Each structure stands twice: as C-alpha cells, then as structure tokens.
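> Got a structure for you, written out below as structure tokens; questions coming shortly.
The values are calculated or read from the model by the stated rules, or taken from the named source; none is laboratory data. Since we're looking at a predicted model, the values are computed, not measured. So basically every Cβ, Gly included, is an ideal-geometry build from the backbone, and we count neighbours across all protein chains shown.
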Amino acid sequence: MQLYRTKDGFALLGCCFRRAIAPDVYIFSALLDGLVVEDRILEAEMLFKKLIKQKLCEPDVVMYNTMIKGLCKFGNNVTALALLRLMEQKNCKPSIVTYSTIIDSLCKDKMIDDAFKLFKEMVSDKGILPDVITYNSLICGLCKFGHWDEASKMLKEMADEKISPNVKTFTALVDAFCKEGKVKEAEAVINIMIERGKVPNIVTYNSLIDGYCLRGEMSKAREIFDSMTLRGLVPNVVTYNSLLNGYCKNLNIEKAEQMFHEMTVKGLKPNVVTYTTMLQGLFQVGRCVAARKLFDEMHAQGQIPNECTYGIVLDGLCNNHLVEDALSLFHLVGNSKLNSNIVVYNILIDGAGKYGKVDIARVLFQGLIDKGLQPNVRTYTVMISCFCQEGLLGEAKLLFLKMNESGCPPNDVTYRVLLQGYLKNQHYDDVVMLLQEMVDRGYSLGASTLSLFIDHIAVGLLDRSMLKLLGKLVPKELMDDPSF
DNA sequence: GTAGGGTTAG
C-alpha cells in the first residue's frame, strides 16, 4: 500500500465485498495509510469516519495512529490531539507511537511547549517510557530553536535512561549546528559519533556539506564531497542540490551548471529543488533567457513547479526589471493554489513598488484582502515602502497605524522603512516619536538608516539634540566596530 | 500483514 497503489487497494476491497469476505481492521488500516501516503487526507478522514459510523470495524491503536499521522502531516495537530482523547474515551490505549507522532508534529510546528506538555503526560500520567525516537523529535525541536542547553539536558536524560543516541540523533545535531553556521561544532559531533561506533551516512554528510555551502566555503564543501565518495558513500540529489545552491549563491553559475551536468551524467534525476535552485542562480546573474529555457526543460522533464519555484521565478522576474512578465504570469496562474500564498503577494507588491507602479501595488494589496488572505509584517512593510517611495507619506502613516489595529504590529524593518521615507521626503513631524517607540521596543536602526540620520543632522536639516536618542539605537554590530 | 524520528530551493 506504501507503493502508491490505493486504487488497487480499493479494487481489492470491492473484491472482498463481492465474495462476502469481511475486510478486517488490518485491511482498512492499510487502505487508510495508502490514502495518507498519497496526501489524500480528506478521503482518509471520510473513510475513517465512515468506518466508525457504519461500524464496519472497530479501529485499533494502529488505525488511530495512522489517522493521527495523516492529520499531523497536514498540520492539524488539534484534531490529532482530539483523536488521542477519543482513543482514551473508547478504551483504546494510546501507545508510544501515538504520543511520538503528535510530539514530533508539535516540534515541527514550533510548538515546543505543547510538545513537552504531551511528553510529560505520556511519561508521568501514562507511565509510557520514551524511546530514542521520542527523544530525537524533542532534541530536534529544541535545536531548531537554538535551545542548545535544553537539548543537551535531554541528551543527558537519554544517557541516564540508558538510551543511546543513534545516527539520526547525531545527524539532527549536525544539521542544527550547520544551520547556525557552526560547522566546527558539527564536525565535532561527527567525530563523537564515530568514537561511539556510529557510522555517519549520506544524510549526515549532506547536512555538513550544506553547512559549508551556506557559509560560502565551497572548497571545503567540495573536499567533504570528495572524501565522502572515497568512503563509498554515493552522493544523491540532495548532495548535489546543496552544492548547486552554494555555487549559485556565490554567483559561480558556471560551476553550478557544470555540477548540474555532472549529476545527470551520473544518472541522478534533477528534481524540483534542483531546477528551482538553478533558476534562482540564473536570475541572480541576470540570465533571464537561460532561466526561461530551463523552466521549459523542467516542464519537459515532468518536474512540476511548486509554490517555491513560483515564488523564485516571480522574484527573479521582478528583480530583472520584468515586473510586467511577473504580473502576466501571476494572472495566467489565476485562482490556483499557487496564488493563495501571501509570499507571492509580498514579492509582487515589492516588485511593483520598486518600479514606481504604486497603483498596481494597491490593487494587489486590495486583491489579497478580498481573497481572505492575511497580510503579514512583510506585506505591510513593502506596501509602506511603496508609498514612501512615491512620497505618499500620509498613506504610509495610515497603513503603519493600521498594523497595530490588525494585530500585526510593525517590526524593526517597518520602522526603518517608514523613517527612511520620512527623511528622504524631509518630513520630520513624527520622527522623534517613532525613534522613541523603537527604543522602547528594543529595536535598533540599521547602518544605512543611521547614516541617513547623520547626514540630515550634518547639513542642519535635523537638530543635533536628536543624537542622544540615536545613540540608543545604534546597532550592536556598529558598537563593536572600532572604525565607528 | 497495518503505526512514530534525521538532509536540499523563498
């Protein structure tokens, strides 16, 4: 059933009914799992409800777990948790799998506190002992938050419980360190795991390679890539995708194209991520025609662009003075799910604003509201930036004030954008008040906004008395900079 | 015979 053959599963089910063989809970569980694997969550829920309502079978713990897995996969932790309570009500004891599934999902959705609440319930109230999988989810969640102290506390707790970390535990640590740019620490983890007799695998090395790529240390990334091959580990699509991304971000598109070719020669099939990475690289160096060609090739190879691809293409077009093309693509896509993402609107509004098309930005902003989409801080900020650029400070201020009412308070970037707009238009009425608000919120001015203020003071447009307030808003990086 | 954890693109 895991082989994406739910159709055959249902055919088999029909067969059962015709021959008057009662399908049992095993068959229904497998069917349910098939639907979940194929992302057919609504059908899975319908099947599950139908089974209970029509008393076709009494769900057992495995079937509940399968349904819970499906709900978690679609971010519906609330219903997953409700199902866990239903199990208790129906005297079907939740197992360690039930708890671990939901704990993992909560961690992935950054709801660490809820995850730990459930963890505590599992251990203290239900007396279920956590295993290495439960710990891995929690440690992973803590690391992604940068809560290293608590993560190491969990590692110690594992040791006390005589549960050894496995390859996945160590890999999660390697990955978390790499994502924070701490590649040396990541390498130390790999050394520890080897000392403890655990063999790093392709996933472990992929994380490390990605870490070096993100730092732009491509020769080091390449070195690990080569050493990995020497150890008999075969680089996969993920390995290549990280390297491609690294080369593209370093604007070494030729090297990326060479690696792209190399991977196909080795029989690896470029996937959506590969194409999306290359598209971004090509746009970044302004090779829009080549990007278009690759986009067509992607289609021909049966790789369907997803939300991420779409966003990168729109952004690439906007940044290459092709806002019109971005807008036609947007209209071509129409009412599809691709256009139901706030990020898409943020990109287009930003693009329109940068090229002085404030009317289009306004229409886009109204359009997303009409669609029922929720503007986020970025949406408001790019819109405010549009208004400022056109000198429409009144509208900028109105929208800025609306942010608080809408439960989406401005962040440091919003303040900087508005202040830059005020200064560039020599409009100083609210400046002191805004600066004071920034101080109260613990924000700082970016280097460029700060130097804009200095310039205005130097030519006498702003009073020197403002320096005291500005002093509280100097970014930390500049404080440490001796040249400042 | 069915259920849970680690890697890539904004």
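> State all residues of segment A:70-104 that are within 15 Å of A:Val36 (Cα to Cα) and not in a helix (DSSP H, G or I); if no residue qualifies, say none.
A:Phe74, A:Gly75, A:Asn76
> In segment A:109-125, what count of residues is obtained for those that are within 13 Å of DNA strand B (Cβ to nearest atom) and at pLDDT 95 or above?
Adding up the residues that qualify gives 5.
> Give segment A:453-475 a look and list any residue that's charged (D, E, K, R) and within 20 Å of A:Tyr443 (Cβ to Cβ), or say none.
Residues satisfying the conditions are A:Lys468, A:Lys472.
> Looking for whichever is of a type in the set (Asp, Glu) and away from DNA strand B (no atom under 13 Å from the Cβ) here; the options are A:Asp296, A:Asp315. Which one fits? Spell out the reasoning first.
Working: A:Asp315 fails: away from DNA strand B (no atom under 13 Å from the Cβ).
After ruling out the rest, the residue left standing is A:Asp296.
> Any idea which residue in segment A:19-69 is modelled with the highest pLDDT, counting only those that are near DNA strand B (Cβ under 9 Å from one of its atoms) and in a loop (DSSP other than H, G, I, E, B)?
Restricting to residues being near DNA strand B (Cβ under 9 Å from one of its atoms) and in a loop (DSSP other than H, G, I, E, B), the top hit is A:Asp60.
> Here is a follow-up. Against the condition closer than 24 Å to A:Val25 by Cβ, more than 8 Å from DNA strand B (Cβ to nearest atom), hydroxyl-bearing (Ser, Thr, Tyr) and in contact with a helix residue (DSSP H, G or I) (Cβ under 9 Å, 6 or more places away or on another chain), how does A:Thr79 come out, does it pass?
It is true that A:Thr79 is closer than 24 Å to A:Val25 by Cβ, more than 8 Å from DNA strand B (Cβ to nearest atom), hydroxyl-bearing (Ser, Thr, Tyr) and in contact with a helix residue (DSSP H, G or I) (Cβ under 9 Å, 6 or more places away or on another chain).
> Restricted to segment A:155-180, and to residues that are more than 13 Å from DNA strand B (Cβ to nearest atom) and in a helix (DSSP H, G or I), which residue is farthest from A:Thr204 (Cα to Cα)?
So the residue we want is A:Asp160.
> A further question on this structure: Could you list, in sequence order, the residues of segment A:229-246 that are part of a helix (DSSP H, G or I) and either near DNA strand B (Cβ under 8 Å from one of its atoms) or surrounded by 21 or more Cβ atoms within 10 Å (Cβ to Cβ) (or both)?
Answer for segment A:229-246, where residues must be part of a helix (DSSP H, G or I) and either near DNA strand B (Cβ under 8 Å from one of its atoms) or surrounded by 21 or more Cβ atoms within 10 Å (Cβ to Cβ) (or both): A:Val237, A:Val238, A:Thr239, A:Tyr240, A:Asn241, A:Ser242, A:Leu243, A:Leu244, A:Asn245, A:Gly246.
> Continuing with this model, one more query. Quick check on this structure: which one of A:Lys337, A:Lys354 is within 15 Å of DNA strand B (Cβ to nearest atom) and among the basic types (Lys, Arg)? It would help to see each step written out before you state the result.
Details: A:Lys354 fails: within 15 Å of DNA strand B (Cβ to nearest atom).
Criteria check complete, one pass: A:Lys337.
> Within segment A:253-325, which helices (runs of 4 or more DSSP H) (wholly inside it) include 1 or more residues that are farther than 18 Å from A:Cys213 by Cβ and in contact with a Ser or Thr (Cβ under 9 Å, 6 or more places away or on another chain)?
Here the list reads A:272-284, A:288-300, A:307-319.
> Would you check if there is a residue in segment A:52-59 being closer than 25 Å to A:Ile139 by Cα and not polar (S, T, N, Q)?
Within segment A:52-59 (the criterion being closer than 25 Å to A:Ile139 by Cα and not polar (S, T, N, Q)), the answer is no, since none of the residues qualifies.
> If you take the residues of segment A:299-312 that are farther than 19 Å from A:Val344 by Cα and within 16 Å of DNA strand B (Cβ to nearest atom), which of them is surrounded by the most Cβ atoms within 10 Å (Cβ to Cβ)?
A:Gln303
> Only residues that are among the aromatic types (Phe, Trp, Tyr) and touching a Phe, Trp or Tyr at 6+ places or on another chain (Cβ under 8 Å): list them for segment A:372-414, please. Break it down into steps so the answer makes sense when it comes.
Taking segment A:372-414 as the starting set, the residues that turn out to be among the aromatic types (Phe, Trp, Tyr) are A:380, A:387, A:400.
Once the filter is applied, which keeps residues that are among the aromatic types (Phe, Trp, Tyr) and touching a Phe, Trp or Tyr at 6+ places or on another chain (Cβ under 8 Å), segment A:372-414 yields A:Tyr380, A:Phe400.
> Considering each residue of segment A:63-91, count those that are surrounded by fewer than 18 Cβ atoms within 10 Å (Cβ to Cβ) and of a type outside the set (Phe, Trp, Tyr), and give that number.
Total meeting the criteria: 12.
> Same structure, new question: For a quick check of your reading of the model, give me the residue pairs whose first member lies in segment A:283-310 and is among the acidic types (Asp, Glu), whose second is assigned to a helix (DSSP H, G or I) and near DNA strand B (Cβ under 10 Å from one of its atoms), with beta-carbon atoms closer than 7 Å and at least 6 apart or on different chains.
A:Glu307/A:Leu338
> Name the residues in segment A:181-213 that are more than 12 Å from DNA strand B (Cβ to nearest atom) and either without any contact (Cβ under 8 Å) to a residue 12 or more places away in the chain or part of a loop (DSSP other than H, G, I, E, B) (or both), would you?
A:Gly181, A:Lys182, A:Lys184, A:Glu185, A:Ala188, A:Asn191, A:Ile194, A:Glu195, A:Arg196, A:Gly197 - these are the residues of segment A:181-213 that are more than 12 Å from DNA strand B (Cβ to nearest atom) and either without any contact (Cβ under 8 Å) to a residue 12 or more places away in the chain or part of a loop (DSSP other than H, G, I, E, B) (or both).
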